Amino acid sequence: MSAVSIRIFADAETTASAAAAFVAEEARAAIAARGRFVAAFSGGKTPWLMLRALAGEILPWESVHVAQVDERVVPAHSPERNFNSLCKSLERSPLRPEQCHAMPVEAPDLESAAVHYAQTLQAVARTPPVLDLVHLGLGTDGHTASLVPGDPALDIVDADVALTGLYQGHRRLTLTFPMINRSRRILWLVTGGEKAAMLARLNKGDASIPAGRILRDSALVFADREATHLL
């Protein structure tokens, strides 16, 4: 198996800026080709830097839709809610609320909420939904999205969105492997020395970690030097 394509930058800030420029390029190309750009983003400190930089890009923002890769089951105003930070990071952009699609983690029936979010993605990305770009992070345990070691969601093949078990104190909604692997472009954003061991395993295609089950053909890793020192 060939190594995943990796672009290396000096630090987290430079990596985030380069990733924002890349997402903007993908957006312009998708809108030119298909009239719309639909992207799903994960949470995290470096991703918020990327999205703040993306918000300053000149784009046909009226043709952009933003979705979530995963979300904790927490109240609307919780500081652990990814969607709040996502919206704050993009607040300089002219995105309208109806262009940003929050995972419905406050719903009383979370299994139905997963189905509902899959239907939301169908409405903006056709059936079956094909996202133009999915942004992923990499956990120190090898997880990506909220596809964590040992969770039943790892084995789902017939749904695009799933409810997970407890992980670090919360259940979550997450995109599944079929949904992620169907996307036109996968963008990994990996920074920090604590990610180096897992990035090395991802690079080797280690399918024993969840991240290693993401398809590589359309994937690109943006990483800083600290995260790549074991490659």
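The figures follow:
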| item | result |
| --- | --- |
| Paramagnetic reach from E13 (point 7 Å along Cα→Cβ, amide N under 20 Å) across the stretch 51-88 | 51-57 |
| From phi via Karplus (6.51, -1.76, 1.60), per-residue ³J(HN,Hα) for the stretch 117-125 in Hz, x at Gly/Pro | 5, 4, 5, 4, 5, 4, 5, 9, 10 |
| FRET E, pair V130, E57, Förster distance 35 Å, beta-carbon r, rounded to 0.05 | 0.95 |
| Three semi-axes of the equivalent ellipsoid, the chain, Cα gyration tensor, whole Å, largest first | 24, 22, 17 |
| Under 15 Å from K195, Cα to Cα: aspartates and glutamates that are on another chain or at least 8 residues apart | D11, D141, D206, D224, E226 |
| Packing-based ranking, highest mean first, of 9-17, 106-114 given that Cβ atoms within 10 Å are counted | 9-17, 106-114 |
| Calculated log₁₀ intensity ratio I(q)/I(0) where the Debye formula runs over C-alpha points of the stretch 143-194, q = 0.16, 0.18, 0.24, 0.31 Å⁻¹ | -0.51, -0.63, -0.95, -1.21 |
| Local electrostatic count, L166, Cβ distance below 10 Å [Lys/Arg +1, Asp/Glu -1] | +1 |
| Virtual paramagnetic centre 7 Å along Cα→Cβ of A33, amide N under 15 Å, in the stretch 100-132 | 130-132 |
| Cut-off under 5 Å, modelled amide H: who pairs with V161 long-range | T176 |
| Debye log10 I(q)/I(0) for the stretch 178-231, one point scatterer per Cα, at q = 0.14, 0.16, 0.24, 0.29 Å⁻¹ | -0.35, -0.45, -0.94, -1.18 |
| Fully extended contour minus Cα-Cα distance, from A197 to A123, at 0.36 nm per residue | 22.8 nm |
| Label-to-label distance, nm, for residues given as R92 and S78 (7 Å Cα→Cβ offset) | 3.0 |
| The chain, helix-only ellipticity at 222 nm - DSSP H runs n ≥ 4, -39,500 (n - 2.57), divided by all residues, nearest 500 | -9500 deg cm²/dmol |
| Distance in nm between pseudo-label sites at V157 and A207 (7 Å out along the Cβ direction from Cα) | 1.2 |
| Cross-link reach list, aspartates and glutamates versus K204, counting only Cα pairs under 15 Å and skipping chain neighbours closer than eight places | D217 |
| Alpha carbon centroid spacing (whole Å) that separates the stretch 45-105 from the stretch 170-206 | 19 |
| Restricting the stretch 77-118 to trypsin sites (Lys or Arg not before Pro) in coil, as DSSP defines it, with at most 14 other Cβ within 10 Å | R92 |
| Cβ crowding within 10 Å averaged over residues, with 195-202, 66-73 ranked highest first | 66-73, 195-202 |
| Within straight-line cross-link reach of K88, lysines at Cα separation under 25 Å, skipping those fewer than 8 residues along the same chain | K45 |
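Values in this text are rule-based calculations from the coordinates and carry no lab data. The model shown is predicted, which means the values in this text are computed figures rather than measured ones. All Cβ positions, even for glycine, are placed from backbone atoms using ideal geometry, and neighbour counts span all protein chains on display.
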